[in-house]
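The values are calculated or read from the model by the stated rules, or taken from the named source; none is laboratory data. The structure presented is a predicted model; accordingly, all values stated were derived computationally and were not measured. Using ideal geometry, Cβ is built from the backbone for each residue, glycine included, and neighbour counts are taken over all protein chains shown.
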Amino acid sequence: MTEEPQTWHYGLVAELWSAGDRQTRELDFLRTAIKTYGEPVLDLACGAGRLLVPLREDGIDIEGADLSPDMLAGCRAALDRRGLSAELHLGPMHTLNIPRKHRLIYIADSFGLAGSRTLDELAFIRAYEQLEQGGALILNLEAPYALDDWPYWQKEKRTELPAPWPAEPRQWLAEDGTEYSSQVRLYALNPLEQTFELEIRVEKHHSGELVGEELRSLKGSYYFRNELVAMLEKSGFREVRVYGGYSELPATAEDEELVYLAIK
């Protein structure tokens, strides 16, 4: 029996994502890719619509999918506020099965969070099946050696886990005046299996009063460039390009974020 993803994208975390960071550094790259590979587009792990909504505002034929009904509710609300609509599908990446095919699928900041390599491999297979011939899959990942977690790959450092909570929480202010704060820490790391577990602590305040708090966890996997390229090729993709961030420049050892473009 396959283990299901363990993520934290529910409840207050989903509220925080809907109210919080809306930066869209990926948009120019995605818009260029859409012109190249065409529509329709699928935002896989669309969350609260950080990228889906502005692309829909562009008039792009785009759908979204996410495993969290709470995140999809935030995406629908964001679309409604702008008088927009889009088909949204509930379910994890490894069970992806949407009636129509797509020319472009992208996964932004969400790959490797399924909790196991088996599910990640299934996600690539499902994405390949969901694409039309000649379509493309785009995803990004931080290089493991560029993460704050990297020192904990050493045996001596792992004895300090769980890591302490950050001294200063990140804070967000919603349009209705609700305040959210969050702290994330590394809870566990296995360098042999290349797996990690994170914890997030979220507080919600309104008019200066604490009205909610949650502690949630997330399990994921680390991937290096060559193994991810091999996984994509094993899934059937005929060409895989690796860029340094959201550019069209080949990745180098100096790049901390890698963007993969795989063509069916």
Worksheet item: Taking the condition closer than 26 Å to Phe196 by Cβ, touching a strand residue (DSSP E or B) at 6+ places or on another chain (Cβ under 6 Å) and at pLDDT 95 or above, does Phe111 pass?
Response: yes
Item to complete: Determine if the range 70-86 includes at least one residue that is polar (S, T, N, Q), under 17 Å from the mean Cα position of the chain (by Cα) and not in a helix (DSSP H, G or I).
Response: no
Worksheet item: So which residues in the range 208-224 are outside any strand (DSSP E or B) and either over 14 Å from Ser181 (Cα atoms) or in contact (Cβ under 8 Å) with a residue 60 or more places away in the chain (or both)?
Response: Tyr222, Tyr223, Phe224
Worksheet item: Across the range 102-134, which residue is nearest to His9 (Cα to Cα) among those that are outside any loop (DSSP other than H, G, I, E, B) and either touching a Phe, Trp or Tyr at 6+ places or on another chain (Cβ under 6 Å) or acidic (Asp, Glu) (or both)?
Response: Asp120
Discussion item. Name the residue that is farthest from Glu129 (Cα to Cα), counting only residues in the range 225-257 that are among the hydroxyl-bearing types (Ser, Thr, Tyr) and assigned to a loop (DSSP other than H, G, I, E, B).
Written reply: Thr252
Worksheet entry | Residue that is over 29 Å from Gly20 (Cβ atoms), surrounded by 17 or more Cβ atoms within 10 Å (Cβ to Cβ) and either in contact (Cβ under 8 Å) with a residue 24 or more places away in the chain or in the same structural domain as Ala251 (by TED's automatic domain parsing) (or both), where the choices are Arg126, Arg117, Arg103 | Arg103
